[in-house]
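Student: I have a structure I would like to understand better, so I am pasting it below and will then ask my questions one at a time.
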Amino acid sequence: QNKAKLFEKTKESVLFKDVAGLDSAKEEIQEVVDYLKSPDRYASMGAKIPRGILLVGPPGTGKTLIARAIAGEADVPFYHISGSDFMEMFVGVGASRVRNLFADAKKNSPSIIFIDELDSVGRHRGAGLGGGHDEREQTLNQMLSELDGFEKNDSTIVLAATNRPDILDPALLRPGRFDRRITIGLPSMKDRIKILEIHANHKPLADDINMEKIAQGTPGFSGAELENLLNESAILATRRRVEKITMELIEEARDKVMMGLERKNLTVT
Ligand code: ATP
């Protein structure tokens, strides 16, 4: 029986302090944390909180990380499912999995559902090559009906991530569904320094390491790529049997990471 990869339910230890930069996103999302901590206060005030929030931005910029941090800050269960997982399922199970996911999350509310790669299941219906994809449409329809089916006292918030909001089915964006959008962009120079500092923690750095200089030399890098850069440098240092990561090793690793990125772009386009 294909029970694997239904969804993952975790208790998160990631906090906002683990997310570098993204200050305006954190500010916007603070309201959600407050709500999840004490939904009853909002309910007794008659206040309605947005149910579905879309995190939009390029890969590796911290969308998953910030979603985890909301769960960590509010100390509520985190349900993670990837839109592409639905595509690997047997015909007919996608919709029931969506139903189970929402039922479990509601039962354990306050809680967060995080749908990664929403576009793979949420693409405009009928827009796929070779006509409709029944399985995907059924899954998407179930998701839409779950989003509409929340009761007033269900304190579950649904977050979804995408880097292609333009191809989403408009039905997903209607009021009451994913009607709030938060943009998660590539990090600025200042934020790249902060990200490097977080991921350099616990790594032995030589005295010549200059985070500002590294940040200057990595325009367009995402948080994930910066993390990868430091990791590649640590691998190089280990292989060379040197005790600390030097600026020279960082530069070597940067060339390697950039070459990998170029190759990736070549295969994509
Ligand atoms: P994708 O669209 O590919 O799923 P994503 O936006 O969800 O990407 P994450 O999975 O959150 O990206 O980021 C990958 C990793 O990169 C994180 O686990 C973290 O280690 C690092 N990272 C990305 N952004 C940040 C950030 N702002 N601060 C600290 N670490 C970051």
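Student: Among the residues of the range 57-84, which ones are in contact with a helix residue (DSSP H, G or I) (Cβ under 7 Å, 6 or more places away or on another chain) and of a type in the set (Asp, Glu)?
Tutor: Residue satisfying the conditions is Glu73 alone.
Student: Being assigned to a helix (DSSP H, G or I) and surrounded by 16 or more Cβ atoms within 10 Å (Cβ to Cβ), is that true of even one residue in the range 4-14?
Tutor: no
Student: Could you please find all residues in the range 110-135 being at pLDDT below 90, assigned to a loop (DSSP other than H, G, I, E, B) and either buried (at least 18 other Cβ atoms within 10 Å of the Cβ) or of a type in the set (Ser, Thr, Tyr) (or both)?
Tutor: Within the range 110-135, His133 is the sole residue that qualifies.
Student: So Leu229 clears everything in (1) closer than 19 Å to Met189 by Cβ; (2) among the hydrophobic types (A, V, I, L, M, F, W, C); (3) not in a helix (DSSP H, G or I) except one condition, right? Which one?
Tutor: Condition not satisfied by Leu229: (3).
Student: If you don't mind, there's one more thing I want to ask. Across the range 70-109, what is the number of residues that are closer than 12 Å to Val158 by Cβ and in a helix (DSSP H, G or I)?
Tutor: Qualifying residue count, the range 70-109: 6.
Student: Would you mind telling me which numbered condition in (1) open to solvent by less than 60 Å² (accessible area, probe 1.4 Å); (2) part of a loop (DSSP other than H, G, I, E, B) Leu186 fails?
Tutor: With (1) open to solvent by less than 60 Å² (accessible area, probe 1.4 Å); (2) part of a loop (DSSP other than H, G, I, E, B) applied to Leu186, the lone miss is (1).
Student: Is it true that some residue in the range 193-206 is away from the ligand (no atom under 16 Å from the Cβ) and open to solvent by 90 Å² or more (accessible area, probe 1.4 Å)?
Tutor: The answer is no; no qualifying residue exists.
Student: For the range 43-69, give me the residue count where each residue is away from the ligand (no atom under 14 Å from the Cβ), open to solvent by 50 Å² or more (accessible area, probe 1.4 Å) and outside any loop (DSSP other than H, G, I, E, B).
Tutor: Residues flagged as away from the ligand (no atom under 14 Å from the Cβ), open to solvent by 50 Å² or more (accessible area, probe 1.4 Å) and outside any loop (DSSP other than H, G, I, E, B) within the range 43-69 amount to 2.
Student: Find the residue count for the range 18-42, including only residues that are surrounded by 16 or more Cβ atoms within 10 Å (Cβ to Cβ) and assigned to a loop (DSSP other than H, G, I, E, B).
Tutor: Count: 4.
Student: Please name all residue pairs, on different chains or six or more residues apart, with Cβ atoms under 7 Å, provided the first residue is in the range 213-225 and is in a loop (DSSP other than H, G, I, E, B) and the second residue is more than 14 Å from the ligand (Cβ to nearest atom) and open to solvent by 10 Å² or more (accessible area, probe 1.4 Å).
Tutor: If the second residue must be more than 14 Å from the ligand (Cβ to nearest atom) and open to solvent by 10 Å² or more (accessible area, probe 1.4 Å), the pairs left are Gly217/Arg254; Thr218/Arg254.
The values are calculated or read from the model by the stated rules, or taken from the named source; none is laboratory data. Keep in mind the model is a prediction, meaning the values are calculated, not measured. Backbone-built Cβ (ideal geometry, glycine too); neighbour counts: all protein chains shown. Heavy atoms of the whole protein, side chains included, go into the accessibility calculation; ligands, DNA and RNA do not. Shrake-Rupley method; radii C 1.70, N 1.55, O 1.52, S 1.80 Å.
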